[in-house]
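S.K.: Attaching a single structure in structure tokens format; questions to follow.
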Amino acid sequence: MRTPRQLHPGAWWLWALGLGAAATRTTNPAILLLLAAVAGYVVAARRGDAPWSRSYGAFLRLGLFVLGVRLLFAILLGSPIPGTHVLFTLPEVPLPVWAQGVRIGGRVTVEGLLAALYDGLRLATLLVCVGAANALASPARLLRALPGALYEAGVAVVVAMTFAPNLVADVQRLRAARRLRGRTDRGIAAVLSVGLPVLEGALERSVALAAAMDTRGFGRTADVPRRLARATAALTLAGLLGICLAAYGLLTSGSAGWALPVLLLGLAAAFAGLLLGSRRSVRTRYRPDPWAFAEWLTAGSGAAVAALTIILSTRDPAAFAPTVVPPTVPVLPLAAVLAVLLGLIPAFATPTPPRRAS
Amino acid sequence: MITFEQVSVQYADAAAPALSNVDLTVPEGELCLLVGPSGSGKSTLLGTVSGLVPHFTGGTLHGRVTVGGRDTREHRPRELADLVGTVGQDPLAHFVTDTVEDELAYGMESLGLPADVMRRRVEETLDLLGLADLRDRALTSLSGGQQQRVAIGSVLTVHPRVLVLDEPTSALDPGAAEEVLAVLQRLVHDLGTTVLMAEHRLERVVQYADQVLLLTPGAAPVLGEPAEVMAHSPVHPPVVGLGRLAGWQPLPLSVRDARRKAASLRDRLDGHRPAAAGVPAAAPIAVAERLAVRRGPVAALRGVDLVIRPGEITALMGRNGAGKSTLLGGLVGLHAPASGSIRINGRTPHRTRPAELIREVGLVPQDPRDLLYGESVAAECTAADADAGAAPGTCRALVERLLPGIADATHPRDLSEGQRLTLALAVVLTARPPLLLLDEPTRGLDYAAKARLVAILRDLAVEGHAVLLATHDVELAAELAHRTVILAEGEIVADGPTAEVVVSSPAFAPQVAKVLAPGPWLTVHQVAEALSA
């Protein structure tokens, strides 16, 4: 038996992104549900007992909510899918001429509902994949693995994330205080009136935190030669410019031939800038998460799911995007099932997370 | 180790300098305690050592402060981080990461120590501070004392030669404060760390100090042996007050020293009894029956029975997290009972409209600023009159009575801690509630402000108000409360006259009771009265 340890957060996120990428390539509900089930099984098998591990349920509920909203809109506002199988007809709200093209109520067809269901299911599966990553590795731990030059930006995000719950607590406390003054604590006015004190409190806390961080050596830098500092700035700037240009080239239709090389060059320059920039930072890392065989396996299984799904979906588009006009029963190709099941590897091949003795 | 040469600090918008002409040296390996009333510049002095003054707070620093040979004017706080560790009053404001182990490593990561050194020092610090069992825990799930120990640990891992602490125990219950002080004691004795600490609760710390630095506004600072300084200090713990009263030489600073000298005093007091503070028996104002309150997954109160009568001052004590604030919140309707009931003059608080409820019960919260929204004292008073439906000028008259000489235009944020508390008290009293609740009122108050608060609350009780105060301050409870209720794990474990409840308890007994046990004496004042009788 392997000794329990936390897997590198990057591995979990790569795995989840792979599953998510696979989900975007298909509207076949059977494949989507299989993907969600794979993600759910791995979460159940490998999540720890940290507070963020419970976030999976929240993402699951969010996915169901998105699906519900998508269906509701398809019923109320109709669907652009031309359909012949009418399920029922809602009373249609007459709209003025200028609102042509918008419809409220009216015929609800099997085809329209199915299209909405498939589309909503795809979005929900994507959310479930992100939720799985979130439950398996906290975003804060992912940020810790950033290169040194990005460390400050990472800290800003972590601090912002811990501030959100504090703000909520402040609002609750000050609303309670309104009650103590004999004012009502219900309604929007009550929440708005505590806005200023809450902001004041948040500001005071950030100043206190900044002072605490400064006294603990945050922002100490090593002396680097001027030439190196200049090279860092130039590389980063050139890299970002290149990425912007390439993005423009890729997004505008037509002459995109030059865009890909420019994008690669830009990425390379920006990455080199980051690496050089890390030299300015004196930070070391306490117990960094190792990247070992299990991490390769996890990230690899996610990549394999994505790659195989993409290849299979171009070979057999009919199976991955079942037609809704006319409605057909979606088939589940064996190759796709095998490809998606590769995502289960981490549930067996990775060490279990350490559990607190309690 | 730390030298001050002709140091003065002047803030831009202040009339007088916050600190003037400080000229002294703190030698290595000493625990130096800063004492003095509010506004005497304790925090400013600590800030000059860590470099936060003037780099972070602004203001003008004259003279020179050197720590371990480094001039703090030329070194920013981050460049002193390997030399000076700073811990404030609120550990949560200090934490950068989210788990104990990461927090301990944070400072070392910033300094760029090698991984193996970090690993070793984290383990050592976990053992030194007794945190080994908590290493994976989220910081927010720890108790107050544990959090403060983690905060101290997080600055210790970089092996600073100086530790600067600004009121490290004032937010803690007596037990947790003992924990933290024991750790500091060990650091000074075993590691030779120089500790500079400011603290209002002298009764907790003065016996550990090697030197005391007395700051008084408008006078030169005095550095000396604790007993010598305490003999003349305007702020002093009860044990020193007792020693001065009995004329003991040298002045005892700890209960142990005082007990050795107290045999004759105990004999003299034999046969005397403190004047019993009688409370007229009256119909209860508030009754809680088998009250249970849940806060999230936690059962904060379990089966609490409590009866509060007019004219009686009750102290509510217990560990951090024992349910004191929840009980107060339940009485003002902030938390609905999960089972059981609360009745205040026949009303159920959480079902009563706030505008009616404030005529029955008023709460001054832990941070009085929560209650104050106004731009000025006058605006605050006008709003309070309107909220309470009282005649215009009622609140202003109360402010004038409780806190004479405050200008109408003063912004509530510019008041001192004590003044702000009194303003919040006046706002609450505007609705004339017969039941008055205070949550931790003496946090951050110096002895003078505390004495004023005691006088005000006594007057209110004589007028027939019932007062219930949650506090960690055993001396305050001894001084003020007719009755003491001790909560633990959401249950009442002791309820009775203060003298009976606290005298036998090692954690909650005031110093005078410990010195004069088994006598029923609680305060220096009682002893003085008995001796002069």
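No value in this document is a laboratory result; all are computed from the given coordinates. Here the structure is a predicted model, which means the values were calculated and not measured. Virtual Cβ from ideal backbone geometry, glycine too; neighbours counted across all protein chains shown.
S.K.: Which ³J(HN,Hα) values in Hz, rounded to whole numbers, follow from the phi angles of the range B:315-320 under the Karplus curve 6.51 cos²θ - 1.76 cosθ + 1.60, where θ = phi - 60° and Gly and Pro get x?
M.R.: Taking θ as phi minus 60°, the curve returns 9, 10, 10, x, 4, 4 Hz for the range B:315-320.
S.K.: Residues of the range A:138-175 with backbone nitrogen within less than 18 Å of a virtual label 7 Å along the Cα-to-Cβ line of A:Val191, please, listed as ranges.
M.R.: A:164-175
S.K.: Just A:Val93, A:Val337, A:Val69 to compare: in a GNM of chain A, with alpha carbon springs under 10 Å, which one fluctuates most?
M.R.: Sorting by GNM fluctuation, first place goes to A:Val93.
S.K.: Please work out the C-alpha center-to-center distance from the range B:278-303 to the range B:36-77 and express it in whole Å.
M.R.: 47 Å
S.K.: At R0 = 45 Å, how high is the FRET efficiency between A:Ser206 and B:Arg244 if r is their beta carbon distance? Nearest 0.05 is fine.
M.R.: Once rounded, the FRET efficiency stands at 0.50.
S.K.: Identify all lysines with a Cα-Cα distance to B:Lys514 below 17 Å; exclude those on the same chain that are fewer than 8 residues away in sequence.
M.R.: B:Lys261
S.K.: Over chain B, what is the relative contact order in whole percent, taking alpha-carbon pairs under 8 Å and six or more residues apart?
M.R.: Averaging sequence separation for qualifying contacts and normalising by length gives 14 percent for chain B.
S.K.: Going by how many other beta carbons lie within 10 Å of each one, how would you line up A:Cys244, B:Cys381, fewest first?
M.R.: A:Cys244, B:Cys381
S.K.: Could you put A:Arg173, B:Arg256 in order, starting from the residue whose Cβ has the fewest other Cβ atoms within 10 Å?
M.R.: Fewest to most other Cβ atoms nearby, the residues stand as B:Arg256, A:Arg173.
S.K.: Would you list the P(r) distribution for the range B:364-510, with all Cα-Cα distances sorted into 10 Å bins from 0 and each bin expressed as a whole %?
M.R.: The percentages, shortest bin first, are 11, 39, 32, 14, 4.
S.K.: If you don't mind, there's one more thing I want to ask. Provide B:His350, B:His411 in ascending order of the number of other Cβ atoms located within 10 Å of each residue's Cβ, fewest first.
M.R.: Ascending Cβ contact count within 10 Å gives the list B:His411, B:His350.
S.K.: Also, I was wondering about something else. State, as an integer percentage, the relative contact order of chain A based on alpha-carbon contacts under 8 Å between residues 6 or more apart.
M.R.: It rounds to 32 percent for chain A.
S.K.: Need one number: convex hull volume per residue for the range A:286-358, Cα atoms only, in Å³.
M.R.: 163 Å³
S.K.: Which aspartates and glutamates have a Cα lying under 16 Å from the Cα of B:Lys42, excluding residues fewer than 8 positions away in the same chain?
M.R.: Those aspartates and glutamates meeting the cut-off are B:Asp23, B:Asp166, B:Glu167, B:Glu199, B:Glu417, B:Asp446.
S.K.: With only Lys, Arg, Asp and Glu charged, each at its Cβ (+1 for the first two, -1 for the last two), find how big the charge dipole of the protein assembly as shown is about the Cα centre; round to the nearest 20 debye.
M.R.: Dipole about the Cα centre, nearest 20: 2280 debye.
S.K.: Suppose every Lys and Arg Cβ carries +1 and every Asp and Glu Cβ carries -1, with no other charges. What dipole size does the range B:261-337 come out with about its Cα centre, to the nearest 20 debye?
M.R.: Around 300 debye, computed over the range B:261-337.
S.K.: Pairwise over distinct Cα atoms, reciprocal of the mean inverse distance: report the Kirkwood radius of the range A:52-140 in Å, one decimal place.
M.R.: Answer for the range A:52-140: a Kirkwood hydrodynamic radius of 14.8 Å.
S.K.: Test of understanding: in a Gaussian network model of chain A with alpha carbons linked when under 10 Å, which of A:Ala272, A:Ala307, A:Ala37 would top the mean-square fluctuation ranking?
M.R.: Of A:Ala272, A:Ala307, A:Ala37, the most mobile in the Gaussian network model is A:Ala272.
S.K.: Who wins for biggest fluctuation among A:Leu77, A:Leu60, A:Leu143 in a Gaussian network model of chain A, springs between alpha carbons below 10 Å?
M.R.: A:Leu77
S.K.: So how compact is chain B: Cα radius of gyration and Dmax in angstrom?
M.R.: 24.1, 70
S.K.: Calculate the translational D of the range B:1-63 in whole µm² s⁻¹ from Stokes-Einstein, where the hydrodynamic radius comes from the Kirkwood formula applied to all Cα pairs, the temperature is 25 °C and the viscosity 0.890 mPa s.
M.R.: So the translational diffusion coefficient is about 202 µm²/s.
S.K.: OK, next. When the helices in chain B are scored as -39500 (n - 2.57) per DSSP H run of 4 or longer and the sum is shared across all residues, what 222 nm value do you end up with, to the nearest 500 deg cm²/dmol?
M.R.: That calculation yields -10000 deg cm²/dmol at 222 nm.
S.K.: Please report the relative contact order for the range B:2-234, taking Cα pairs under 8 Å with a sequence separation of at least 6, and give it as a percent rounded to a whole number.
M.R.: 27 percent
S.K.: Averaged across orientations, what area in nm² does the convex hull of the alpha carbons in the protein assembly as shown project?
M.R.: Result: a mean projected hull area of 47.3 nm².
S.K.: Now a separate question. Give me P(r) over the range A:1-83, computed from all C-alpha to C-alpha distances, binned every 10 Å, as integer percentages.
M.R.: All Cα pairs, binned at 10 Å, distribute as 13, 38, 30, 13, 5, 1 percent.
S.K.: Here's something else I'd like to know. Return the Rg/Rh ratio of the range B:2-234 with Cα-based radii and a Kirkwood Rh.
M.R.: Result for the range B:2-234 is an Rg/Rh of 0.96.
S.K.: Right, next: Check the straight Cα-Cα distances from B:Lys324 and name the lysines below 21 Å, setting aside those fewer than 8 residues away within the same chain.
M.R.: Candidates past the 8-residue exclusion: B:Lys450.
S.K.: Continuing with the same structure: If you place +1 on the Cβ of every Lys and Arg and -1 on the Cβ of every Asp and Glu, how big does the dipole about the Cα centre of chain A come out, in debye to the nearest 20?
M.R.: The dipole of chain A has a size of about 1280 debye.
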